[in-house]
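These notes concern the structure reproduced below.
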Amino acid sequence: MTTIAWDGRTLATDGQSTLNGLVCSLTEQKIYTPAEHEKWKVNGDEVLAIAISGDCGAEYELRDKLAKGVTYETEFSSDSRFSAIAIRGPFQAYGISSQENSTQISFYPLTEHCAVGTGATVASTAMKLGKTAIEAIDVAIEMDVYSGGNVQAYTVPFRL
């Protein structure tokens, strides 16, 4: 599974992926940025980076939809189950979640720290106690059996 943490400046994830209760990888890529000449958008706002947890392959569909611009009308495969955080800038992000047995997603603005995934409670608590997103992922890896591997991070540039 996955833990994703956002502290308003840095987006961080663990690197573990699992299948049927077995660890498949400890270096799974979970943070993505648009290609050099590509723009991603949610609700008309440009997205700098995303981190995604959920079904393998959901990241391809989400990235494709972001390149076309995600709105409340955007339909996704009903097979795809995911949660993601899409970064717009410092303290500006969207949470994005698929809906069970639906082609609709929900997205909502985030201005404070937040976390998603199996270690979300641990990571959120760590950030509430003053840890950075990277440190929060380290804590989640220690405490959540479904988080592990290398820590990946994306930090919003000071000047956009």
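Each peptide among 147-153, 120-126, 15-21 gets the average number of other Cβ atoms lying within 10 Å of its residues, and from highest to lowest they stand as 120-126, 147-153, 15-21.
How much of the DSSP bridge set in region 3-144 is antiparallel, in percent, rounded to the nearest 5? Close to 95 percent. For GluC sites (Glu not before Pro), the sites in region 1-84 that DSSP calls loop and that have at most 11 other Cβ atoms within 10 Å are GLU36, GLU38, GLU73, GLU75.
Evaluated over region 7-160, the count of Lys pairs having alpha-carbon atoms less than 17 Å apart is 5 (only pairs 8 or more residues apart or interchain).
Matching the structure-derived Kirkwood radius over Cα pairs in Å against the labelled list (i) 15.5; (ii) 16.7; (iii) 20.4 gives the label (i). Just to confirm my numbers, what's the Cα centroid distance between region 25-83 and region 120-142 in Å? If we compute the Cα centre of each part, the gap is 24 Å. Here the 3J(HN,Hα) profile of region 78-88, calculated from phi with Karplus coefficients 6.51, -1.76 and 1.60 at θ = phi - 60°, is 6, 7, 8, 10, 7, 10, 8, 10, 10, 8, 9 Hz, Gly and Pro shown as x. Put in line by how crowded their Cβ is, counting other Cβ atoms within 10 Å and starting with the fewest, ASP45, ASP7, ASP138 read ASP45, ASP138, ASP7.
Each reported figure results from applying straightforward, stated rules to the coordinates on display, with no laboratory input. Just so it is clear, the structure is predicted and the values come from calculations on it, not from any experiment. Cβ: placed from backbone, ideal geometry, glycine included. Neighbour counts: every protein chain shown.
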